[in-house]
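The values are calculated or read from the model by the stated rules, or taken from the named source; none is laboratory data. These numbers come from a predicted model, not from an experiment. Here the Cβ positions follow ideal geometry from the backbone for every residue, glycine too, while neighbour counts run over all protein chains shown. Calculation scope for accessible area: heavy atoms of the full protein, side chains included, ligands and nucleic acids excluded. Shrake-Rupley method; radii C 1.70, N 1.55, O 1.52, S 1.80 Å.
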Amino acid sequence: MRRKISNQFMIHYLIVFLLSIAAAFFALLMMSFANDIISKTLVKSIYPASMIMEDDYTEIDTAPIVQNGGGVQIVSDQYEVVYSTGINTLGTKNLTVSQFTEFLVQSKSKGIPYHYDIVYNPQGKFWLIVTFPTSIRLDFSLVYNKEAASRDMKNVVGTLVAVIIFYLLLLALFAAIFSKITALRITNPLRKLSEGTKRLREGDYSVRVDLHLINEFAELQDTFNSMADKIERENALRRQSEDDRKQLILDISHDLKNPLASVTGYAELCLKKADAYDEEQIKYLQIIYKNSQRANRLLNELFELSKLESPEFTLRLIKTDICEYLRQTCGDILPALEQAGFAYDFDIPDKSIFVLIDTEQMSRVFHNLADNVIRYNSEGITVMISLYEEVDKIYIQFQDNGIGIPAEVAKYVLKPFVRVEDSRNSKTGGTGLGLSIAHKIVLAHGGNLELNTDINKGCTFLISLPMI
Ligand code: ADP
């Protein structure tokens, strides 16, 4: 099963965020722990006011406090600062009640840069104020007290749960958006590259990809583009050499036609003057004649096939009543079928159906099919030719119930030079080009030629052509 990259990203982000929540929670626990340890080692904890307290304030030992950077003030019950050493943050010597009360309130606040330890001595009737400057305030601790009012507890827990749920929802939303955006940054170039690859596979070698990126995808893009470049170049070269090869065959077959025709002609002429030669010479002449005829045939068919493949080849299409045309063609091949001792059955509708065909080329198709039936089958078989129309096409079925073609050969028999085993062909002198020529001609008409056959099941050639 394929999974979307954006969904996978979403899951990964959620996991990362949940892990970071766990890490944060762990960090808070550690902070609480650290707070505990650190607070015990701070000077303010080592020298609390209660430790140096004396009923007579003149006997209080303030030296260690001042040595450790702190300060000591004694404030009488009349709010007068009667003694001060080291840091003094009271500001004035004689305080009013409200000033002192405010100082007491302020001293408890957490945002101030000093730590105050204030103790009242009821015996001596004075306040002892020990002041230390605050270094780093670590004031965090997780506390749970079951004696806390249950209403408060509910409020706190409720609010906390609501905040956490809201936070998680927000987290999921951000993860979804963020995963979509990051996934797009990967899937977009991937999609473009895969589209390019598909077009390349379909034979469009001009395709190039431009991702407008400078990351690793750009490297992939460059590799893709240079690969497409190479394939395009090699393809052009291959096409060129293919064209050159076809042209060469066309030229050779054309140039050899005349000399060969003259060899056949002279051999034939000599054979006519049989009394001028002895028996052995006539035998050789016959071999020359027979083989030059075969070579002629091969050359002619090769020339025809090359012409069909040449870029200059065009059909001379004429609007033709295919029913009438096929009736005439059947009439043309009828004598040869009769002479071969074949039965025949033509089923052509008595109406006009028009198609665009090059009648000369199309005659070659039927001529080749008829020629094959006669050459490869013995008398007694039946040849059936029928025509029918379907939607926008006409179908011509050319069928015989003769020896057929083995299925494994039939798969390739429309390709040039494919023939059934030599023993069958040595008698008939085939070239293996007839069906391939017929196929190419039908294809050039925008139609198709299919073959349905097997050994001893006869051959059924089905030609389809577009109607107009
Ligand atoms: P060839 O010049 O050898 O006839 P084709 O391309 O016309 O070349 O035919 C290819 C092969 O298909 C032939 O060699 C022949 O064995 C076989 N073939 C073609 N038509 C028929 C048919 N009607 N019945 C049996 N075999 C056939």
query = Using a simple charge model, +1 on the beta-carbon of Lys and Arg, -1 on the beta-carbon of Asp and Glu, nothing else, what dipole does the stretch 47-134 show about its Cα centre, in debye to the nearest 20?
reply = 400 debye
query = Over the chain, what is the relative contact order in whole percent, taking alpha-carbon pairs under 8 Å and six or more residues apart?
reply = 10 percent
message = Quick check on the chain: helices-only [θ] at 222 nm, where DSSP H runs of length 4 and up contribute -39,500 (n - 2.57) each and the sum goes over total residues. Nearest 500, please.
response = -19000 deg cm²/dmol
query = In whole Å, what is the distance between the alpha-carbon centres of the stretch 396-417 and the stretch 233-275?
reply = 27 Å
query = In Å, what is the Rg of the alpha-carbon atoms in the stretch 47-134, and how long is Dmax?
reply = 12.0, 33
ask   = Say the dipole of the chain comes from +1 at the beta carbon of Lys and Arg and -1 at that of Asp and Glu; which of Gln106, Pro416, Ala370 then lies farthest toward its positive end?
value = Gln106
request  = Quick one: work out the % antiparallel among DSSP beta bridges in the chain, nearest 5.
outcome  = 90 percent
note = Ranking Phe313, Phe17, Asn88 by how far each Cα lies towards the positive end of the charge dipole of the chain (+1 on Lys and Arg Cβ, -1 on Asp and Glu Cβ), the top one is Asn88
task = With +1 on each Lys and Arg Cβ and -1 on each Asp and Glu Cβ, and nothing else charged, work out how big the dipole of the chain is about its Cα centre, in Debye to the nearest 20.
result = 600 debye
ask   = How many Å² of accessible area per residue for the chain, probe 1.4 Å?
value = 63 Å²
query = If you project the alpha carbons of the stretch 176-246 onto their three principal axes, what span does each projection cover, largest first, in Å?
reply = 61, 21, 11
key: Ratio Rg/Rh, restricted to the stretch 303-357 and using Cα atoms, in which Rh is the Kirkwood radius   = 1.12
note = Stretched fully, the stretch from Glu389 through Gln67 gains (0.36 nm per residue minus C-alpha distance, one decimal, in nm) 104.3 nm
message = Which entries of Lys319/Lys411; Lys230/Lys440; Lys351/Lys393; Lys411/Lys440; Lys246/Lys440 have Cα-Cα distances beyond 22 Å here?
response = Lys319/Lys411; Lys230/Lys440
Full-extension gain in nm, Asn235 to Ile15, via 0.36 nm per residue minus C-alpha separation = 74.2 nm
note = So, relative contact order of the stretch 47-134 in percent, Cα under 8 Å, 6 or more apart, is 33 percent
key: Volume per residue that the Cα convex hull of the stretch 236-309 spans, once the total is divided by residue count, Å³   = 71 Å³
query = Can you pull the percent of the stretch 236-309's accessible area that's carbon plus sulfur, 1.4 Å probe, other chains left in place?
reply = 56 percent
key: trypsin sites (Lys or Arg not before Pro) within the stretch 1-44, DSSP loop, no more than 15 other Cβ atoms inside 10 Å   = Arg2, Arg3, Lys4
request  = Can you tell me how much longer the chain between Met227 and Val161 gets when fully stretched, taken as 0.36 nm per residue apart minus their C-alpha distance, in nm with one decimal?
outcome  = 18.0 nm
note = Rounded to the nearest Å, the spacing of the alpha-carbon centers of the stretch 301-373 and the stretch 5-63 is 101 Å
request  = Select from Asn291, Pro466, Ala172 the residue farthest towards the positive end of the dipole of the chain; place +1 on Cβ of Lys and Arg, -1 on Cβ of Asp and Glu, and compute about the Cα centre.
outcome  = Ala172
ask   = About its Cα centre, what dipole magnitude does the stretch 175-304 give when the only charges are +1 on Lys and Arg Cβ and -1 on Asp and Glu Cβ, stated in debye to the nearest 20?
value = 580 debye
note = Carbon plus sulfur, as percent of the 1.4 Å-probe accessible area of the stretch 47-134, comes to 50 percent
inquiry  = What number does the chain give for Rg over Rh if you use C-alpha atoms and the Kirkwood radius?
reply    = 1.55
remark   = Over all viewing directions the Cα convex hull of the stretch 348-468 casts an average projected area in nm² of 7.7 nm²
remark   = Straight-line reach check, Lys125, cutoff 27 Å on alpha carbons, 8 or more apart in-chain or any other chain, hits among lysines -> Lys44, Lys93, Lys108
